[in-house]
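What follows is one structure encoded as C-alpha coordinates, with my remarks underneath.
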Amino acid sequence: MKDNIKAYFEREQEVINNLDFEDAVQAIKEAYEREATVYVFGNGGSAATASHFVCDFNKGICEKLDKKFNLICLSDNTPIVTAIANDISYDDVFYFQLKNKLKPDDLILAISGSGNSKNI
(Lines give C-alpha, C1' and ligand atoms only; values in the text may rest on other atoms or scores of the structure.)
Protein backbone atom coordinates (compact mmCIF):
# COMPACT_ATOMS: atom_id res chain seq x y z
CA MET A 1 0.00 0.00 0.00
CA LYS A 2 2.85 2.38 0.79
CA ASP A 3 4.21 2.00 -2.77
CA ASN A 4 0.75 2.72 -4.23
CA ILE A 5 0.40 5.87 -2.15
CA LYS A 6 3.89 7.02 -3.12
CA ALA A 7 3.16 6.38 -6.82
CA TYR A 8 -0.12 8.31 -6.51
CA PHE A 9 1.60 11.35 -5.01
CA GLU A 10 4.36 11.21 -7.64
CA ARG A 11 1.73 11.12 -10.41
CA GLU A 12 -0.14 14.05 -8.82
CA GLN A 13 3.08 16.06 -8.51
CA GLU A 14 3.90 15.40 -12.17
CA VAL A 15 0.47 16.66 -13.25
CA ILE A 16 0.80 19.78 -11.07
CA ASN A 17 4.28 20.47 -12.43
CA ASN A 18 2.97 20.24 -16.01
CA LEU A 19 0.03 22.60 -15.53
CA ASP A 20 0.25 25.89 -17.34
CA PHE A 21 -0.64 27.94 -14.28
CA GLU A 22 -0.16 31.34 -15.95
CA ASP A 23 -2.54 30.53 -18.82
CA ALA A 24 -5.18 29.21 -16.41
CA VAL A 25 -4.99 32.30 -14.21
CA GLN A 26 -5.12 34.56 -17.26
CA ALA A 27 -8.20 32.77 -18.64
CA ILE A 28 -10.04 33.13 -15.31
CA LYS A 29 -8.96 36.79 -14.99
CA GLU A 30 -10.22 37.57 -18.51
CA ALA A 31 -13.52 35.82 -17.81
CA TYR A 32 -13.87 37.94 -14.66
CA GLU A 33 -13.14 41.14 -16.56
CA ARG A 34 -15.73 40.40 -19.24
CA GLU A 35 -18.25 39.27 -16.56
CA ALA A 36 -18.48 35.80 -18.04
CA THR A 37 -19.70 32.75 -16.18
CA VAL A 38 -17.08 30.15 -15.32
CA TYR A 39 -18.51 26.63 -15.21
CA VAL A 40 -16.46 24.15 -13.19
CA PHE A 41 -17.10 20.41 -12.94
CA GLY A 42 -15.66 16.96 -12.42
CA ASN A 43 -16.53 13.43 -11.29
CA GLY A 44 -15.84 11.77 -7.94
CA GLY A 45 -12.90 13.38 -6.17
CA SER A 46 -12.62 15.85 -9.04
CA ALA A 47 -16.23 16.91 -8.33
CA ALA A 48 -15.13 17.70 -4.77
CA THR A 49 -12.16 19.64 -6.14
CA ALA A 50 -14.45 21.57 -8.51
CA SER A 51 -16.85 22.38 -5.67
CA HIS A 52 -14.02 23.51 -3.39
CA PHE A 53 -12.52 25.64 -6.18
CA VAL A 54 -15.85 27.43 -6.71
CA CYS A 55 -16.29 27.91 -2.95
CA ASP A 56 -12.80 29.40 -2.64
CA PHE A 57 -13.53 31.90 -5.41
CA ASN A 58 -17.13 32.78 -4.55
CA LYS A 59 -16.46 33.23 -0.83
CA GLY A 60 -12.74 33.50 -0.25
CA ILE A 61 -11.53 35.58 -3.19
CA CYS A 62 -14.77 37.53 -3.65
CA GLU A 63 -15.31 38.36 0.00
CA LYS A 64 -13.87 41.87 -0.21
CA LEU A 65 -14.36 42.52 -3.94
CA ASP A 66 -17.08 44.89 -5.08
CA LYS A 67 -17.36 43.06 -8.39
CA LYS A 68 -17.77 39.31 -7.81
CA PHE A 69 -16.62 36.34 -9.84
CA ASN A 70 -19.41 34.30 -11.41
CA LEU A 71 -18.42 30.66 -10.88
CA ILE A 72 -20.87 27.75 -10.93
CA CYS A 73 -20.06 24.13 -10.09
CA LEU A 74 -22.10 21.77 -12.26
CA SER A 75 -21.21 18.83 -10.02
CA ASP A 76 -22.90 20.30 -6.92
CA ASN A 77 -26.54 19.62 -7.79
CA THR A 78 -26.76 15.89 -7.05
CA PRO A 79 -30.46 15.56 -8.01
CA ILE A 80 -29.92 17.04 -11.50
CA VAL A 81 -26.72 15.05 -12.06
CA THR A 82 -28.38 11.76 -11.11
CA ALA A 83 -31.59 12.57 -13.02
CA ILE A 84 -29.64 13.26 -16.21
CA ALA A 85 -27.50 10.16 -15.66
CA ASN A 86 -30.56 8.00 -15.06
CA ASP A 87 -32.86 9.38 -17.75
CA ILE A 88 -30.39 10.37 -20.47
CA SER A 89 -26.80 9.25 -19.97
CA TYR A 90 -24.01 9.76 -17.47
CA ASP A 91 -21.89 10.86 -20.41
CA ASP A 92 -24.22 13.88 -20.79
CA VAL A 93 -24.51 15.13 -17.17
CA PHE A 94 -22.42 18.23 -17.84
CA TYR A 95 -23.23 18.73 -21.52
CA PHE A 96 -26.96 18.72 -20.76
CA GLN A 97 -26.53 21.39 -18.07
CA LEU A 98 -24.53 23.61 -20.43
CA LYS A 99 -26.67 23.10 -23.54
CA ASN A 100 -28.59 26.28 -24.40
CA LYS A 101 -27.01 28.08 -21.41
CA LEU A 102 -23.35 28.43 -22.36
CA LYS A 103 -22.51 31.77 -23.97
CA PRO A 104 -19.54 32.44 -26.28
CA ASP A 105 -17.72 34.51 -23.62
CA ASP A 106 -18.13 31.89 -20.87
CA LEU A 107 -15.31 29.67 -19.64
CA ILE A 108 -15.37 25.95 -18.87
CA LEU A 109 -12.98 24.47 -16.33
CA ALA A 110 -13.31 20.67 -16.46
CA ILE A 111 -11.35 18.69 -13.89
CA SER A 112 -10.41 15.03 -14.30
CA GLY A 113 -7.88 13.47 -11.96
CA SER A 114 -7.74 10.27 -14.00
CA GLY A 115 -8.03 11.82 -17.44
CA ASN A 116 -10.40 8.99 -18.36
CA SER A 117 -13.80 10.61 -17.88
CA LYS A 118 -15.87 10.43 -21.07
CA ASN A 119 -18.09 13.29 -19.93
CA ILE A 120 -15.22 15.71 -19.27
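The values are calculated or read from the model by the stated rules, or taken from the named source; none is laboratory data. Note that the structure is predicted; figures quoted are calculated from it, not measured. Positions of Cβ are backbone-derived with ideal geometry, glycine not excepted, and every protein chain shown enters the neighbour counts. When the accessible area is computed, the model is the full protein with side chains, heavy atoms only, and any ligands, DNA or RNA have been set aside. Shrake-Rupley method; radii C 1.70, N 1.55, O 1.52, S 1.80 Å.
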Would you mention how many residues in segment 49-93 are over 18 Å from A27 (Cβ atoms), touching a residue at least 12 places away in the same chain (Cβ under 8 Å), open to solvent by less than 40 Å² (accessible area, probe 1.4 Å) and not polar (S, T, N, Q)?
3
Some residue of segment 94-109 being in contact with a Leu (Cβ under 7 Å, 6 or more places away or on another chain) and open to solvent by less than 90 Å² (accessible area, probe 1.4 Å)
yes
Answer yes or no as to whether F41 is within 16 Å of the chain's Cα centre (by Cα), farther than 26 Å from I16 by Cβ and at pLDDT 95 or above.
no
If you check A24, A50, A36, which single one turns out to be part of a helix (DSSP H, G or I), at pLDDT 90 or above and either at negative phi or of a type outside the set (K, R) (or both)?
A50
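Yes/no matrix, rows are residues, columns are (1) more than 14 Å from V40 (Cβ to Cβ); (2) part of a loop (DSSP other than H, G, I, E, B):
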{"site": "N58", "(1), (2)": "no, no"}
{"site": "L65", "(1), (2)": "yes, yes"}
{"site": "I72", "(1), (2)": "no, no"}
{"site": "D105", "(1), (2)": "yes, yes"}
{"site": "I120", "(1), (2)": "no, yes"}
